[in-house]
Each structure stands twice: as C-alpha cells, then as structure tokens.
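The values are calculated or read from the model by the stated rules, or taken from the named source; none is laboratory data. This structure is a prediction, so every number in the text was calculated from the model and none was measured. Because the Cβ atoms are built from the backbone with ideal geometry, glycine has one as well, and the counts that use them run over all protein chains shown. Heads up: the accessible areas ignore ligands, DNA and RNA and are worked out on the full protein's heavy atoms, side chains in. Shrake-Rupley method; radii C 1.70, N 1.55, O 1.52, S 1.80 Å.
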Amino acid sequence: MYAEVNDPRPGSSHDLYSIFVVDRSGNASEIKEWPATPNKQMRPSGTTPLKPSQIADLEIRESNTNEVLLRAPLS
C-alpha cells in the first residue's frame, strides 16, 4: 500500500513500477507495469511463457530509471 506522500508533483504523475522475469541466461522481460497510487493496495500480476525451471529471478524495478528495487531469486 502506498502512502499519501506519494502524491505526484504538479504536472507530473505517480511513480511507476514494473515486474521483470529474468531467465537463466540473464535476459529480462517486463511482465507488468503499475502506478504507485496513494492509499491503494496493489496486486499486480502477469504471465510469462517461461517455465519455472527457466526463471532465475523476479525483479521489481522503478520504470523510469530501470533501477532494480527488489530481486527475488527462484531456485
């Protein structure tokens, strides 16, 4: 859930985040993008054609900068 302090500046929008799936070769594919909307609980979901055994990591990134904010390895 995002706090009210995430209100956009005048003339701008809310922060955007994305979920990426990274395969065992290091190739990343964006699965879903969503805005950080104040006072709203987000439950983003998406699909990938990869099998679980082909996935190395799941990442949450800041969409505008592509900075990895969270990485979860799948083993």
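Pairing residues of region 23-41 that are of a type in the set (Phe, Trp, Tyr) with residues that are not in a loop (DSSP other than H, G, I, E, B), at Cβ distances under 8 Å and at least 6 apart in sequence or on separate chains, gives TRP34/LEU16; TRP34/TYR17; TRP34/SER18.
What about LEU58, is it in a strand (DSSP E or B), touching a Lys or Arg at 6+ places or on another chain (Cβ under 9 Å) and closer than 9 Å to TYR17 by Cβ? Spell out how you get there, then give the answer.
Working: in a strand (DSSP E or B): yes; touching a Lys or Arg at 6+ places or on another chain (Cβ under 9 Å): yes; closer than 9 Å to TYR17 by Cβ: no.
For LEU58, the condition - in a strand (DSSP E or B), touching a Lys or Arg at 6+ places or on another chain (Cβ under 9 Å) and closer than 9 Å to TYR17 by Cβ - is not met.
Of all residues in region 34-50, those being surrounded by 10 or more Cβ atoms within 10 Å (Cβ to Cβ) and either in contact with an Asp or Glu (Cβ under 9 Å, 6 or more places away or on another chain) or at pLDDT 95 or above (or both) number 7. Number of residues in region 8-32 that are open to solvent by 90 Å² or more (accessible area, probe 1.4 Å) and either small (Gly, Ala, Ser) or modelled with pLDDT under 95 (or both): the value is 4.
Within region 61-75, can you find the residues that are assigned to a strand (DSSP E or B) and open to solvent by less than 50 Å² (accessible area, probe 1.4 Å)?
Going through region 61-75, the residues assigned to a strand (DSSP E or B) turn out to be 61-62, 68-73.
Correct list: ARG61, GLU62, ALA72.
Filtered by the rule that a residue be aliphatic (A, V, I, L, M), over 14 Å from ILE31 (Cα atoms), over 10 Å from the mean Cα position of the chain (by Cα) and at pLDDT 95 or above, region 51-75 gives ALA56, ALA72.
Is it fair to say THR65 is touching a residue at least 24 places away in the same chain (Cβ under 8 Å) and among the hydroxyl-bearing types (Ser, Thr, Tyr)? No.
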